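The values are calculated or read from the model by the stated rules, or taken from the named source; none is laboratory data. Here the structure is a predicted model, which is why all the values come from computation and not from measurement. Here the Cβ is made from the backbone with ideal geometry for all residues, glycine too, and neighbour counts use every protein chain on show.
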Amino acid sequence: MTDAVQTPSSAGQFTKRVFSGIKPSGGLTLGNYLGAIKRFVDMQSPEFETVYCVVDLHAITVWQDPSELKTATREVAAGYLASGIDPTKSILFNQSQVSQHAELGWIFNCVTRVGWMNRMTQFKDKAGANSENVSLGLYAYPSLMAADILLYHATHVPVGDDQKQHVELTRDIASKFNHDFKADFFPLCEPVIEGPAMRIMNLRDGTKKMSKSGESDMERINMTDDADKIAKKFKKAKTDPEALPETLEGLKGRPEARNLIDIYAALSDQTSEAVIKEYAGAGWGRFKPALADLAVDKLAPISTEMSRYMDDPAEIDRILADGAARARAIAAPILDKTYEIVGLLK
Ligand code: AQP
């Protein structure tokens, strides 16, 4: 691990470091697992330093019941650990324990242009018609996300497709900072968005993303759902009357069908092309139970392990505190150097 502050410009000259996070804004979904956590585990290799965060400061951009937030934070940590994030290989912590995130977030609020923020589609989706009444934090969220990433000079950011625009904004913020202060300090990170699970859709409406905070529980598979619930949710998942075609082309205009194929592919580590070939001509009566069995097979051991961690909150807190200390060791010198570049008197 390098604690020294690196000052060259292109990401290629930086330590290959991965950063990503998940909000504790509810229970983890299959979308979080396939689009994020499973891929975080895959990137945990000698090629990268991996830093994974429970981004609790992002969660409070919308109302969170204080008595539930701590539990939700531990539950996301348990989800990471149960899925295979190894705290001896990765740094795992919750964001609010490393105050440098909020400090760099403020500096980036002063670098980011309002015009850039106005183009963020996730804010438009989340605020909807209610944009006058949402928190300022929800609007500034992408600037704090840029701080999360750049505080570690991270070079690779694995995310689902919905976060791509925010990672691109992070590159714009890094470029503007480097340009304005003639500092050549922050790397231009790469979003890592690949595989069939980039955007897992809602089971009742294949045009909407599967989300933790979606209205109905039947829209999503939760990582802690038991076998009966998983089977019931897939059985009731919206589809169409047609059988599965021979190629992915044949799924055009059938978003719900495409989503179930992509979920199967991601769970079984195959391409969606391979899955459609295997099930060409099959009806839902055959495909849905096969998908439910596969999901139970993959999720049941993780959910059992999550419960085991949740029964020992002190152990989760110990892991997060240890991760936070290691995160601060990287973050503090980078923030100090940022303050110096900006001209803030120490
Ligand atoms: N449906 C999804 N398909 C693929 N990836 C997804 N991710 C979330 N949903 C899907 C990815 O999970 C990571 C963490 O996301 P997050 O929890 O921090 O924020 P989010 O994207 O806003 O997730 P939700 O579930 O929609 O939360 P709520 O409902 O509380 O706003 C990210 O990498 C994300 O891409």
Condition set within 11 Å of the ligand (Cβ to nearest atom) and crowded, with 22+ Cβ neighbours inside 10 Å, scope the range 202-227, selection nearest to SER83 (Cα to Cα): answer is ILE221
Look at VAL55 and say whether it is at pLDDT 95 or above, over 22 Å from ILE263 (Cα atoms), in contact with a Gly (Cβ under 6 Å, 6 or more places away or on another chain) and within 12 Å of the ligand (Cβ to nearest atom). yes
The helices (runs of 4 or more DSSP H) lying wholly within the range 213-307 that contain at least 2 residues that are touching a residue at least 24 places away in the same chain (Cβ under 8 Å) and more than 22 Å from GLU194 (Cα to Cα) are 227-236
Output the number of residues of the range 189-207 satisfying the condition of being among the aliphatic types (A, V, I, L, M), closer than 23 Å to ILE91 by Cβ and touching a residue at least 40 places away in the same chain (Cβ under 8 Å). 1
Taking into account only those residues within the range 11-34 that are modelled with pLDDT under 95 and part of a helix (DSSP H, G or I), which is farthest from the ligand (Cβ to nearest atom)? GLN13
Search the range 118-136 for residues that are assigned to a loop (DSSP other than H, G, I, E, B) and pair each with any residue that is among the aliphatic types (A, V, I, L, M) and modelled with pLDDT under 95 when their beta-carbon atoms are under 9 Å apart and the residues are at least 6 apart or on different chains. ASN133/ALA127; VAL134/ALA127
Considering only the range 77-87, I want to know if a residue exists there that is in contact (Cβ under 8 Å) with a residue 24 or more places away in the chain, of a type outside the set (D, E, K, R) and within 9 Å of the ligand (Cβ to nearest atom). no
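Residue-wise test of (1) surrounded by fewer than 21 Cβ atoms within 10 Å (Cβ to Cβ); (2) free of Cβ contacts under 8 Å to residues at least 24 places away in the same chain.
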{"residue": "GLU168", "(1), (2)": "yes, yes"}
{"residue": "ILE173", "(1), (2)": "no, no"}
{"residue": "LYS176", "(1), (2)": "yes, no"}
{"residue": "PHE181", "(1), (2)": "yes, no"}
{"residue": "PRO187", "(1), (2)": "no, no"}
